[in-house]
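Here the structure comes first, spelled out in C-alpha cells, and everything after it is commentary.
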Amino acid sequence: MRIIEPSFTILDELDQQSLPVRIEFCGRICYKSENRIDSDSAIPFVRKMAKNGHNSVLEMGVLTLVVTCATPDPIQALFSLQPKFLQIDRLEGNRLLITGSIRTFREMLLFHPEDTLSRAMAHYLKEQHPYFFETLPINDTPERIAGVTIAKMALKDVEQLAAPLHAKHRYLAVKFIVNRAVTHELVRHRPCTFLQESQRYCRYSADKFGNEVTFIKPVFFEEQSEEFTIWQQSMEAMEAQYLRLLQTSSPQAARTVLPNSCKTEIIVYTNLLEWRHILSLRTSPAAEPSMREVMIPLAHTLQNRYPALFRLHLE
Ligand SMILES: Cc1cc2nc3c(=O)[nH]c(=O)nc-3n(C[C@H](O)[C@H](O)[C@H](O)COP(=O)(O)OP(=O)(O)OC[C@H]3O[C@@H](n4cnc5c(N)ncnc54)[C@H](O)[C@@H]3O)c2cc1C
C-alpha cells in the first residue's frame, strides 16, 4: 500500500489546448488511461464520446461566443427557453455573450431544433469542430440563419471582461488528488462539471497502479500516533482483502471493501463565481478538515490571482 498527501493543480495548461485535447485529457482521468494520449488520439476519443453519448465528458470543453443578431427576436426566443446550463449576458445592441460547454450547445440543438440561435450556434461550432456534431441533425444552410453573426471569444479576452461578466464567463478546471470522502462532498456542488477516477474500472493490482492501493494520509492523526497505527493497519487489511477479491472478481465487485481513505482523482470545472461560493463554504471552520486541507491553499492561490473577486476571510 502507498500513502500520499492530498494535492490540487489548476489546469492552466489545458486552457492553451484545443477543445478535443482538453476533453481527452479530462476524460481519460476516469480510466486512468492517460498513457494512451498521443498527438493523434484526441479527435478519435471525442468522436467516440459524442457518438456513445458520454455527455459529461463533453462538458469539459467550454467556450465563449459573441452572438450578434440583426433583430431582437431571436434573443427573446433564446431567453424564453431559459437555458439552464448557458451563461448568457446581453451586451449593447442585439449582442449576446454566451458561455457553455460542447454538451450544452449540442443539447440546445437537440432539444430546441426550431430555435434560431440554438441552431446558429451549433452550426457555427460544427464548422470548426465537426466531430462533436456528426451524430446530430444539422441541416441548416447559412441562409436559414441569416441575420446572426457568431464569433468565438479568445480566453485572453474573457480574462479582460469587466466584473461581473468575467466571473461568470471565466471557467477554471482544478484537478484534486484527495480521498473519496472529499470527492463525495465535492460532487454535491451541482453547477460544476466533474470527472473522476473510476474504481469500477481501475484495477489497482495492475502494474500501472504499482500493484497496490493508494491511500490519502489522514489529516486527523499524527504519523507516529496510536491512531495513525490503527488507521494504517486497517488500510493494510482492506487492501489485502481487495487484492484477494480481485483474483476472482471484477474491480467493481472488489471495490466494495475499499474505504473512504482511498486516493482518487477528480477534475472540477466551473466558473469563478461558483469557485468563490465553493471556497467560502469549504474553507470555513465548519467544513471537513480533509476538504479544508486542499481548499485553503486553493483559495490563497485564487485570491492572489483574482484579488478583486476572491476576498475570503480564511481562518
Ligand atoms: C459545512 C457543511 C456541512 C454539510 N453537511 C451536510 C450534511 O450533513 N448532509 C448533507 O446531505 N449535505 C451536507 N452538506 C452539503 C450541502 O447540503 C450542499 O449539498 C453543498 O454544500 C452544496 O450546496 P450548494 O448550495 O453550494 O450547491 P447546490 O446545492 O448544487 O446548489 C447550487 C445552486 O444550484 C441551484 N439548484 C440546483 N439544484 C437545485 C434544486 N433542485 N432546487 C433548487 N435550486 C437548485 C441553486 O440555485 C443553487 O444556488 C454540507 C455542506 C457543508 C459546507
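Numbers for the structure displayed
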| item | result |
| --- | --- |
| Close pairs from the stretch 177-198: first small (Gly, Ala, Ser), partner within 12 Å of the ligand (Cβ to nearest atom), Cβ under 9 Å, at least 6 apart | ALA181/GLU288; ALA181/MET291 |
| Every residue from the stretch 146-193 that is part of a loop (DSSP other than H, G, I, E, B) and crowded, with 20+ Cβ neighbours inside 10 Å | ARG170, CYS192 |
| Residues that are crowded, with 22+ Cβ neighbours inside 10 Å, part of a helix (DSSP H, G or I) and touching a residue at least 60 places away in the same chain (Cβ under 8 Å), drawn from the stretch 53-107 | VAL57, LEU58, PRO74, ILE102 |
| Pick from the stretch 168-196, criterion touching a Phe, Trp or Tyr at 6+ places or on another chain (Cβ under 8 Å), more than 12 Å from VAL294 (Cβ to Cβ) and not hydrophobic (A, V, I, L, M, F, W, C), ranking: nearest to the ligand (Cβ to nearest atom) | THR193 |
| Given (1) exposed (fewer than 14 other Cβ atoms within 10 Å of the Cβ); (2) of a type outside the set (A, V, I, L, M, F, W, C); (3) within 16 Å of the ligand (Cβ to nearest atom); (4) part of a helix (DSSP H, G or I), number of the condition SER280 does not satisfy | (1) |
| Flag for THR229 being of a type in the set (Ser, Thr, Tyr), outside the structural domain of GLU274 (by TED's automatic domain parsing) and either in a loop (DSSP other than H, G, I, E, B) or farther than 30 Å from ARG28 by Cβ (or both) | no |
| Test: residue in the stretch 291-314 that is hydroxyl-bearing (Ser, Thr, Tyr), assigned to a helix (DSSP H, G or I), more than 16 Å from the ligand (Cβ to nearest atom) and under 25 Å from SER101 (Cβ atoms) | yes |
| Residue check, ILE88 of a type in the set (A, V, I, L, M), out of contact with any Phe, Trp or Tyr (no Cβ under 6 Å at 6 or more places or on another chain) and on the phi < 0 side of the Ramachandran plot | yes |
| Residue count for the stretch 249-277, restricted to those that are among the hydrophobic types (A, V, I, L, M, F, W, C) and within 16 Å of the ligand (Cβ to nearest atom) | 5 |
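Table: residues versus (1) touching a residue at least 24 places away in the same chain (Cβ under 8 Å); (2) assigned by TED's automatic domain parsing to the domain that holds SER198; (3) surrounded by fewer than 22 Cβ atoms within 10 Å (Cβ to Cβ); (4) not polar (S, T, N, Q).
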| residue | (1), (2), (3), (4) |
| --- | --- |
| ILE29 | yes, no, yes, yes |
| LYS32 | yes, no, yes, yes |
| ASN35 | yes, no, yes, no |
| ASP38 | no, no, yes, yes |
| ILE43 | yes, no, yes, yes |
| VAL46 | yes, no, no, yes |
| ALA50 | yes, no, no, yes |
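A quick yes/no check of all residues on (1) among the basic types (Lys, Arg); (2) within 27 Å of GLY61 (Cβ to Cβ):
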site: GLU227; (1), (2): no, no
site: GLN252; (1), (2): no, no
site: ARG276; (1), (2): yes, yes
site: LEU309; (1), (2): no, yes
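The values are calculated or read from the model by the stated rules, or taken from the named source; none is laboratory data. This one's a predicted model, so the numbers in the text were calculated from it and none came from an experiment. Here Cβ is always computed from backbone atoms with ideal geometry, including for glycine, and neighbour counts include all displayed protein chains.
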